[in-house]
C-alpha cells in the first residue's frame, strides 16, 4: 500500500455504480424489503425514506469502519445495533421537527431502519473489513440503489393508484389529466394496497434479470 | 373473549408479512424448505411472545410521558420516549441472547431445532415492529401485549410455512427463467397478500 489511491479511482466508482444495477441491494441481494414495500404509496414518503436510509448507511458505515479494529468480534452485533439505533434516533427527531406530516405517515418504519437488513448487511459485509473512504462510497452506492427501487415502485403505485405524484416542495401534481377521467377511466385502488408493491418489484426483477442473464437463479 | 379477538386480529387481519411486510428478509431467505421455515417461525413466536410484554412494561413504567411518576413527583414531567428505539433494540438483543442460553441449558432438543435461527432474529424487523406497534396501540394491561405478541408471531409463522410449502412444489414448474427464485417468491407473496386482504373486508 505504498501508493495512495485516488479518491475516485475505478475501484471506488465501481462501489457506487454496482449497487445501482447488477448488485442492487433490494432486487438482487434481497435486503431491506420491508420498508421498501411499505412506504411507497406516495412519492414524497419514498424520497424521504431513501434519504434517511442513505444518511444512516453512510454515517454508520463510516463509524463502524473507523472502529473496526476496536470492536471485539463477540459483541459486534450489539455495537452495530447501538450505532445504528443512535443514528436512527437523530433521523427520527429531525423528521419530527421539520416534516411532521411525513413523519406521522412513515410511523413505525422510521424506527425499523434499525433492523433494515441493508444497513446491518453492509456494516457486517463491508465496513468491518474496509477503510473509511471505501466504506463511505459503499454506503452511498447501496443507499442510492435502495432509493432507486423505492422511487420506481412509488412512481407506479402513485400514478396508477391515485393519478398523482407528490414531490416534496411542489405538492401533489395531477399526472393523469381530467379529460381521461371524463372518458370513464378510474384509478386502480388495488395499486395502493400492499400486494401490488410486491408484484411491481417482481416485474422489476424480471426486467433486470432479463437484461443481465448471468444473474438468473437455478431455482 | 377480548383477548381471543385480539389474537385473531393480529394473526390474520394485521398479518405481519402480508399487510406490513415485516421480516421479509428472513421470510424470503429461509423459506426454501418447510422444515427450516417451521423452525424459524417457531423461534419468532417465542421471541415475540417474550419481547413484546417486556417492552410493554418498559414503555409503561419508564419511557412514556410521565411514566416515571412512581419515583416521586419530581420525575412526573420526564418524557423519555425518544429513547424507545435504542431501549427496545437493546432489550430484544439481550432477550434473544438470554433465550438462546436458557434453551441451550434446559432444552437441548429444542435448541437443536431452533438454535441456528435465534441469532438471526435479533435483526428481524418483525420483532422490533411488534414492539413499535405495541407502543402505538396503548394496550390496557400486559396480558393484551402478550397476546398481541403471540398472535403476530403466529401470523408470521403461518406466512412463512405457507410460502415454503408453495416454493417446495414450484420447483417442478416451468417458471420463466428471470423470475426463478426470488422473483417468483415476490409474486407468490403478492397473490397470498391479496387473499389475506379478505380478512380486512375487501
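Before moving on, here are some points about what is shown:
- Out of B:58, B:98, B:80, B:63, sole residue that is farther than 22 Å from residue B:157 by Cβ and either more than 14 Å from chain A (Cβ to nearest Cβ) or within 21 Å of the chain's Cα centre (by Cα) (or both): B:58
- Residues in the range A:66-77 that are closer than 15 Å to residue A:130 by Cα and in a helix (DSSP H, G or I): A:66 alone.
- Test set (1) in contact (Cβ under 8 Å) with a residue 24 or more places away in the chain; (2) in contact with a helix residue (DSSP H, G or I) (Cβ under 7 Å, 6 or more places away or on another chain); (3) within 14 Å of chain B (Cβ to nearest Cβ) - residue A:148 fails condition number: (3)
- If the condition is being within 20 Å of residue B:128 (Cα to Cα) and surrounded by 16 or more Cβ atoms within 10 Å (Cβ to Cβ), then the range A:64-77 contributes A:76, A:77.
- When each of A:180, A:205 is tested for being part of a helix (DSSP H, G or I) and either in contact (Cβ under 8 Å) with a residue 60 or more places away in the chain or within 11 Å of another protein chain (Cβ to nearest Cβ) (or both), the lone residue that passes is A:205.
- When residue A:162 is tested against (1) more than 14 Å from chain B (Cβ to nearest Cβ); (2) farther than 20 Å from residue A:45 by Cα; (3) touching a helix residue (DSSP H, G or I) at 6+ places or on another chain (Cβ under 7 Å), only condition (2) is not met.
- Just one residue in the set A:18, A:44 is farther than 23 Å from residue B:135 by Cα, touching a strand residue (DSSP E or B) at 6+ places or on another chain (Cβ under 7 Å) and touching a residue at least 12 places away in the same chain (Cβ under 8 Å); that residue is A:44.
- Odd one out for residue A:61 among (1) under 30 Å from residue A:159 (Cβ atoms); (2) surrounded by 24 or more Cβ atoms within 10 Å (Cβ to Cβ): (1)
- Hits in the range A:183-202 (condition: more than 14 Å from chain B (Cβ to nearest Cβ) and surrounded by 11 or more Cβ atoms within 10 Å (Cβ to Cβ)): A:185, A:187
- Any hit, the range B:103-116, residues being in a helix (DSSP H, G or I), crowded, with 21+ Cβ neighbours inside 10 Å and either away from every other protein chain (no Cβ under 14 Å) or touching a strand residue (DSSP E or B) at 6+ places or on another chain (Cβ under 6 Å) (or both): yes
- Where a residue in the range B:175-188 is more than 7 Å from chain A (Cβ to nearest Cβ) and at pLDDT below 90 and its partner, wherever it lies, is crowded, with 20+ Cβ neighbours inside 10 Å and part of a helix (DSSP H, G or I), with Cβ under 6 Å and at least six apart: B:175/B:184; B:185/B:28
- Options B:145, B:159: the member that is away from chain A (no Cβ under 12 Å), surrounded by 15 or more Cβ atoms within 10 Å (Cβ to Cβ) and under 20 Å from residue B:35 (Cα atoms): B:159
- Of the candidates A:158, A:214, the single residue that is surrounded by 14 or more Cβ atoms within 10 Å (Cβ to Cβ), part of a helix (DSSP H, G or I) and more than 15 Å from the chain's Cα centre (by Cα) is A:158.
- Helices (runs of 4 or more DSSP H) enclosed by the range A:78-130 - at least 3 residues per element that are under 18 Å from residue B:122 (Cβ atoms) and more than 9 Å from chain B (Cβ to nearest Cβ): A:117-125
- Filter pass, residue A:138 being more than 28 Å from residue B:28 (Cα to Cα) and either surrounded by fewer than 22 Cβ atoms within 10 Å (Cβ to Cβ) or more than 14 Å from chain B (Cβ to nearest Cβ) (or both): no
- Subset of the range A:32-57 that is modelled with pLDDT of 80 or more, within 13 Å of chain B (Cβ to nearest Cβ) and not in a helix (DSSP H, G or I) - its residue that is farthest from residue A:92 (Cα to Cα): A:41
- Within the range A:50-76, being out of contact with any helix residue (DSSP H, G or I) (no Cβ under 6 Å at 6 or more places or on another chain) and either without any contact (Cβ under 8 Å) to a residue 24 or more places away in the chain or within 22 Å of residue B:19 (Cβ to Cβ) (or both) holds for A:67, A:69, A:70, A:72, A:73, A:74, A:75.
The values are calculated or read from the model by the stated rules, or taken from the named source; none is laboratory data. All figures in this text were calculated on a predicted structure; none of them were measured in a lab. No Cβ is skipped: glycine too gets one built from the backbone with ideal geometry, and neighbour counts run over all protein chains shown.
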